[in-house]
Amino acid sequence: MTETQDIATTAEAEEAAILPRLYEVHTEDAACEGLDCVPDVLNHPVTGKSAAQWAYERLILYIQNFEKQLDGEHEVAMGFTGSEAGVLRIEGMGYFDPDILTFYGTDLDGSKTQMVQHVSQLNVMLRAVSKPRKEDHARRIGFRLAEHLEEGGDASPQAE
């Protein structure tokens, strides 16, 4: 028995070849496959985006999805693997075209921290850490970053 395949025009095939793709499977939920898993703001051709912008946008998606799994007592932090930088409680993120990402926050001792990293060296680990003060609400940076993208805050020339 053979599976039927959707017939696509040449234009549809070309567009599908340059759009972002995502596929994940987790133990607790259904598989996430294709553009339905990617927010609309990221469903644009990769061409025309710098390596920094493309990495920035995808990291937002990963941070946001990680935060969905956290309880109200934890926030997302980022560990920079392969370095002595330690763990950074994420308070901001940005990019500088064509190839630099910047992470802002505090380390686990409360010291202000900024990490500047070339996209070719990007190798991070998302980590749940306890809120600094029990009485505060857990901050969700991923949702704020995604909201900023949806409002056109992608730092592209037309957004300035």
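Worth a mention:
- Some residue of the range 65-76 being more than 16 Å from the chain's Cα centre (by Cα), exposed (fewer than 14 other Cβ atoms within 10 Å of the Cβ) and either more than 17 Å from I141 (Cα to Cα) or at pLDDT below 80 (or both): no
- Yes/no for G92 being of a type outside the set (A, V, I, L, M), touching a Phe, Trp or Tyr at 6+ places or on another chain (Cβ under 9 Å), surrounded by fewer than 17 Cβ atoms within 10 Å (Cβ to Cβ) and in contact (Cβ under 8 Å) with a residue 24 or more places away in the chain: yes
- Looking across the range 103-126 at every residue that is closer than 9 Å to A77 by Cβ and surrounded by 17 or more Cβ atoms within 10 Å (Cβ to Cβ), the one that is nearest to the chain's Cα centre (by Cα) is identified as L126.
- The single condition from (1) in contact with a His (Cβ under 9 Å, 6 or more places away or on another chain); (2) assigned to a helix (DSSP H, G or I) that N65 fails is (1).
- Residue count for the range 135-160 under the criterion of being at pLDDT 75 or above, closer than 15 Å to L59 by Cα and assigned to a loop (DSSP other than H, G, I, E, B): the result is 1.
The values are calculated or read from the model by the stated rules, or taken from the named source; none is laboratory data. Given the structure is predicted, the values throughout are model-derived calculations rather than measurements. Please note: Cβ atoms are built from the backbone with ideal geometry, for glycine as well, and neighbour counts cover all protein chains shown.
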